[in-house]
1. Go over the candidates A:Val206, A:Val222, A:Val172, A:Val251 one by one and state the one that is over 12 Å from the mean Cα position of the chain (by Cα), surrounded by 20 or more Cβ atoms within 10 Å (Cβ to Cβ), in the same structural domain as A:Val64 (by TED's automatic domain parsing) and in a loop (DSSP other than H, G, I, E, B).
2. Hey, could you check segment B:468-500 for residues that are acidic (Asp, Glu) and over 12 Å from B:Leu449 (Cβ atoms) and say which is surrounded by the fewest Cβ atoms within 10 Å (Cβ to Cβ)?
3. Being more than 30 Å from B:Asn82 (Cα to Cα) and either more than 8 Å from chain B (Cβ to nearest Cβ) or modelled with pLDDT of 95 or more (or both) narrows it down to one residue among A:Asn44, A:Asn93; which is it?
4. With within 14 Å of chain A (Cβ to nearest Cβ) and out of contact with any strand residue (DSSP E or B) (no Cβ under 6 Å at 6 or more places or on another chain) as the only criterion, which of B:Thr432, B:Thr387, B:Thr410 stands out?
5. Applying the selection to segment B:393-418, what residues are surrounded by 18 or more Cβ atoms within 10 Å (Cβ to Cβ) and farther than 23 Å from B:Gly475 by Cα?
6. Tell me, which residue of segment B:27-60 that is over 24 Å from the mean Cα position of the chain (by Cα) and among the β-branched types (Val, Ile, Thr) is farthest from B:Gln98 (Cα to Cα)?
7. Restricting the search to segment B:274-293, which residues are without any contact (Cβ under 8 Å) to a residue 40 or more places away in the chain and of a type in the set (Gly, Ala, Ser)?
8. For segment B:345-369, enumerate the residues that are charged (D, E, K, R), away from chain A (no Cβ under 11 Å) and surrounded by 18 or more Cβ atoms within 10 Å (Cβ to Cβ).
Amino acid sequence: MAKAELMNYEQALEQFEVVIGLEVHVELNTNTKMFCGCKNEFGNEPNTNVCPICIALPGALPAVNKTAVESSIKIGLALGCEIAPTGRFARKNYFYPDLAKNFQTSQYDEPIAFEGSLDVEVPSGKVHTVLIERAHMEEDAGKLTHIGGSTGRIQGAEYSLVDYNRAGVPLVEIVTKPVYGAGAEAPELAAAYVRSIREIVKGLGVSDARMERGNVRCDANVSLRKHGAEKLGTRTETKNVNSLRSIERAVRYEIQRQAHILANGGTIIQETRHWHEDKGATSAGRPKSDADDYRYFPEPDLVPVQPSRELIEALRATLPEKPADRRKRLAGEWGFSELEFRDVVNADLLDQIEETVTAGAKPQAARKWWMGELARIANESEEGAVPNITPAQVAELAKLIEDGKINDRLAREVLGYVLAGEGSPAEIVAARGLEVVSDDGALIAAIEAALASQPDVIPAIREGRMQAAGQVIGAVMKAMAGSADAARVRELLIEMANK
Amino acid sequence: MTDLIRKSASELAELISKGEVSSVEVTRAHLDRSAAVDGAVHSYLYQNPEASLIAAAEVDRARAAGEITSPLAGVPIAVKDNLTTTDAPTTSGSKILQGWVPPYDATVVKKLRAAGMPILGKTNLDEFAMGSSTEFSAYGPSKNPWDLTRIPGGSGGGSSSVVSSFQAPLAIGSDTGGSIRFPGAVTGTVGTKPTYGAVSRYGLIALASSLDQIGPVARNVLDTAMLQDVIAGHDPHDSTSLPESLGSMTAAALKQDVKGMRIGVIKQLSGEGFQPGVAARFKESLNLLAAAGAEIVEVDCPSFEYAIAAYYLILPAEASSNLAKFDSVRFGMRVEPNENATIERVMAATREAGFGPEVKRRIILGTYALSSGSYDKFYGAALKVRTLIQRDFDAAFAKADVLVSPTAPTTAFKFGDKIDDPLAMYLNDIATIPANLAGIPGMSVPNGLADEDGLPVGIQLLAPAREDARLYQVGGWLEKAHEEIWGKRMIDFAPELEVK
């Protein structure tokens, strides 16, 4: 795949106004699927969570999952949407083998939630209000694996395998209205928006919200128009952007790609494009036009969903704090600087730090660990995976330092053992005997041994040249393999000098 | 044993419950009858006599042990082949499903098994229930026992012929536009399309989801009522099934009283354009009802004029989507083209080979009716007509408790008469279609024989949604009145079939 020619980003923004639109699919974490009693579970043997309904055997009929409806209403409410008092499902008809019925049961012109908005903060600190057009319920398709052939697609494959475990898993699709005015921050806004959606659905407990498992998937629409133009430009819809980073990159790429085409007198083709994380580029997919004929019609096998006023209000009462409110509260409670706090948000570590603080750590200590050592380890790991440590364990580690049981160096060592799965920090300190030595007798002996080879130190301290103490402290630490309580060594040394 | 097959289901149930005859004996008698006559009639697509007898023996045991107390326990039954059964192939009359044995039982089949009713076999139908004669069955037509050169009605011609040739006392049918009632009319038997949602559709291979309804088929009104009582009821697997019970149809059938009831004659379906014998018998029945103290009123249903047009847009639209699942990927026939076997080509080749002409015709119609640019003109307009028809019925039922019409314009026609003329075939259902569009219950009851051909004629009764009991009350009375006039049951006029 040849990388398209791109316009320089700043130049693109000078010439064009960027309009984005985002469609986010959220997989709900209900126990069962949208229209049948099969388990909604990730990672099982292919085609084990299936039944006559989700593989569309003749005669089978769907029945709506009540919990999925409630989860959808919660999402709608959290996005400030109106909830429709009645809503029909529709059939979206097209032939594709991952879709057992050859139609998808989805809400078409009667979404369960509509007309909401979400305030989204971008890394610069600016808050954009993204208007939500609708949130509607639908079902996921099965998973296809294409064997043979070079394209990795169904065309050209020798044969394809279908796993229907995912077929019928409940989805909520959240669609924004066109987002104007983000300018150069459009890519960051797209990513921040998806992050907010993730936070919301996670906070609601309605989705596992793991992007790497496809629990949250984003299609990013991008179009450009000349500054001041009224008519929207032709948009492309980029699919397969499965991480926050790729959303940002894909939007930026599309802006640059489209700008180059438009600036050279070309036209944008309305189409689906695929993002390739490895190549950092999008490629053309299916042409997509408004003439795509899915022959939508109301699903005759289901009665309309009609949530009562009481149900909606009861669900509203269960809503957790809004992410924006929560940030405001945490920023106040933690006392981080504005920059520190924004870094935490951008690193997507609010949850971990909050849980660590809840487990007893001081906010700054929690921040230091998650943003420092643990972030470094995550970055070094191949998948950038979250390190294998719980917030409670981080809190315990911080507490051990605070209590003087271990020092920073020992703490890093302990952390290594925790990540290796040896147990909790306290257990490891006990098992490996890693506690700092604060027994004065042992320390004094080590200090005297060090002073024997550095006789100038005591006189120097007496003259007020405190930095000379560092050499002795270093020697003591070395002699005691790092387990000495450095602060105590310093105190003892000063006492000795002042005798 | 031959007298056993002539008995009604209620009589058989009584004999079985008194211990005078076993379910095995009753079942065997019907199986023997099939062995003797079904070569000529071709009601069944599948029978497994051994399995039926084993089921009957189990019912005898369970009944003796007091485990089954259903009123129809031990009475065997035939099931239309568009209901899924785990112990028999289910084809829906199509080649595309040849040999497919479903892994699950339809809810109605489960209810039959739980009621201790051995299944005698799966009955023939027009492919996916699209037709009025069984001539569109991929497995050849069923014959009308009154005249083997004539159609037994459709799509449920297997079920109507199976009861009218005494191969089964009862059968299950499905009615999307008249597939229970029309076959009932032309074979001198009784059939009811219950209120939409009264009987679970789970396991019924869908033709048009918003129109399909499973219903009972029998030789008399009481048996039909008893069978509806067995199969009706809410099913969580069918979202469109009614939550509430509609009461006892059996009790209604036993009332046999029409005094003071307001019987509405639909102006648009009052005999004009109907075969003379059909119209004459219909007028006679109106006189009978009036003489018995019923009040005859005329009702106007102006939108019925558009019913067939609307029906033939809504039905194909839903069917085109319902039949999309027949793609060779997970079950049924698979045809691989000789070269370049892409998924699209395999799907297309399978559907080309597996579907018959009427199915293809309706898929094309429905796909077109739903396509953008056509939707409002066709499907959308049809939905509006549907609403107007519902309003016509509302107005009519404000004036009448039950509406009546001839069930069909003619008696049974000959094979081949309409097969090449889809419109003529569709017009057969002119009287039955409105009930499906409105979701109301309808029943066809034998209404004497036409003078000109001596073939059975049916009268259709319609009631408001959920008022199925009214059909049984009036139907039971009409049946008794006819028996008094004609001297015996209508079915007893049918000629003896040649026994092999």
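The values are calculated or read from the model by the stated rules, or taken from the named source; none is laboratory data. Computed from a predicted model, the values in this text were never measured in an experiment. Glycine gets a Cβ as well: all are built from the backbone with ideal geometry, and neighbour counts include every protein chain shown.
1. Working: A:Val222 fails: in a loop (DSSP other than H, G, I, E, B); A:Val172 fails: in a loop (DSSP other than H, G, I, E, B); A:Val251 fails: in a loop (DSSP other than H, G, I, E, B).
From the options A:Val206, A:Val222, A:Val172, A:Val251, the qualifying one is A:Val206.
2. Going through segment B:468-500, the residues acidic (Asp, Glu) turn out to be B:468, B:479, B:483-484, B:492, B:496, B:498.
Going one step further and asking which of them are over 12 Å from B:Leu449 (Cβ atoms), we end up with B:468, B:479, B:483-484, B:496, B:498.
On the way: B:Asp468: 27, B:Glu479: 22, B:Glu483: 15, B:Glu484: 10, B:Glu496: 7, B:Glu498: 10.
Once the filter is applied, the top-ranked residue is B:Glu496.
3. Of the residues listed, the single one that is more than 30 Å from B:Asn82 (Cα to Cα) and either more than 8 Å from chain B (Cβ to nearest Cβ) or modelled with pLDDT of 95 or more (or both) is A:Asn44.
4. Sole residue among the options that is within 14 Å of chain A (Cβ to nearest Cβ) and out of contact with any strand residue (DSSP E or B) (no Cβ under 6 Å at 6 or more places or on another chain): B:Thr387.
5. B:Phe413, B:Lys418
6. B:Val59
7. If the condition is that a residue be without any contact (Cβ under 8 Å) to a residue 40 or more places away in the chain and of a type in the set (Gly, Ala, Ser), then B:Ala290, B:Ala291, B:Gly293 are the ones that fit.
8. Residues satisfying the conditions are B:Glu358, B:Arg362.
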